[in-house]
Amino acid sequence: KAGVTQTPRYLIKTRGQQVTLSCSPISGHRSVSWYQQTPGQGLQFLFEYFSETQRNKGNFPGRFSGRQFSNSRSEMNVSTLELGDSALYLCASSLAGGAGGNTIYFGEGSWLTVV
Amino acid sequence: QQQVKQSPQSLIVQKGGISIINCAYENTAFDYFPWYQQFPGKGPALLIAIRPDVSEKKEGRFTISFNKSAKQFSLHIMDSQPGDSATYFCAASRPAGTALIFGKGTTLSVSS
């Protein structure tokens, strides 16, 4: 069974540009969430999507957005990139959401460098 | 406000020894407490998780101890091996959704 797949794995963008990251969850999983990982702030929750609807949102500015498609695949977008957006962006999927009863699986992440 | 505090930041253990990582949380609404292991260049992988209705859960060499009254939980790695060298994260979440609140992580190095 394929795991959570994220593309691209590595990318370099210039300050002010925008970026779109893609995530394919494990087959059958309907919940997709996104996290940002940096050395200083650690792992921080961005948002979660379930059945194409944003169900939960972390404390990030509006430049960070996402969406989920009918096949559960998800994309996140960061507009007007800042140097501080350089991070590993992790996508995670779970069967139905609700962390108490469902294991959350992470992908290997997309490394974003903003120069 | 850091809702999940993890210690120590780094840990060096001899092969065969016991590695202990501690976490404390503030929000009593949390009801799910997983531990994740992350190797360089990889995403976090779930090791073991516990709900607050049990005080201990063991899976192989990994044990979670949970103290609800103290709002603390810990990961014990028995017979630590060099292959256990990684960064470990504790986390917590509320009943709804999958918003995991992570600790800052502990870098474990097991020397042979």
Given a cut-off of under 8 Å on Cα pairs at least six residues apart, what relative contact order in percent is computed for segment B:17-75? 35
Under unit Cβ charges (Lys, Arg +1; Asp, Glu -1), what dipole magnitude, rounded to 20 debye, does segment A:1-93 have relative to its Cα centre? 140
With N set to the number of residues, divide the alpha-carbon radius of gyration of chain B by 2.2 N^0.38 Å and report two decimals. 1.01
Listed with the fewest Cβ neighbours within 10 Å leading, A:Lys57, B:Lys104 appear as A:Lys57, B:Lys104
Arrange B:Ile50, B:Ile20, A:Ile104 by Cβ neighbour counts within 10 Å, fewest through most, would you? B:Ile20, B:Ile50, A:Ile104
When only Cα pairs under 8 Å and 6 or more residues apart are kept, what is the percent relative contact order across segment A:26-86? 26
Taking the Cβ of each residue in A:Ser86, A:Ser33 as the centre, tally the other Cβ atoms inside 10 Å and list the residues starting with the fewest. A:Ser86, A:Ser33
Restricting to lysines and to Cα separations under 16 Å from B:Lys5, and discarding same-chain partners fewer than 8 apart, the set is B:Lys68, B:Lys71, B:Lys104
All other residues with a Cβ under 11 Å from the Cβ of B:Phe62 taken together, and with Lys, Arg as +1 and Asp, Glu as -1, what is their net charge? 0
What number do you get for the protein assembly as shown when its Cα radius of gyration is normalised by 2.2 N^0.38 Å, N = residues? 1.01
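Every number here is computed from the coordinates shown, using simple stated rules; none is lab data. All values derive from a computational prediction rather than experimental measurement. Because the Cβ atoms are built from the backbone with ideal geometry, glycine has one as well, and the counts that use them run over all protein chains shown.
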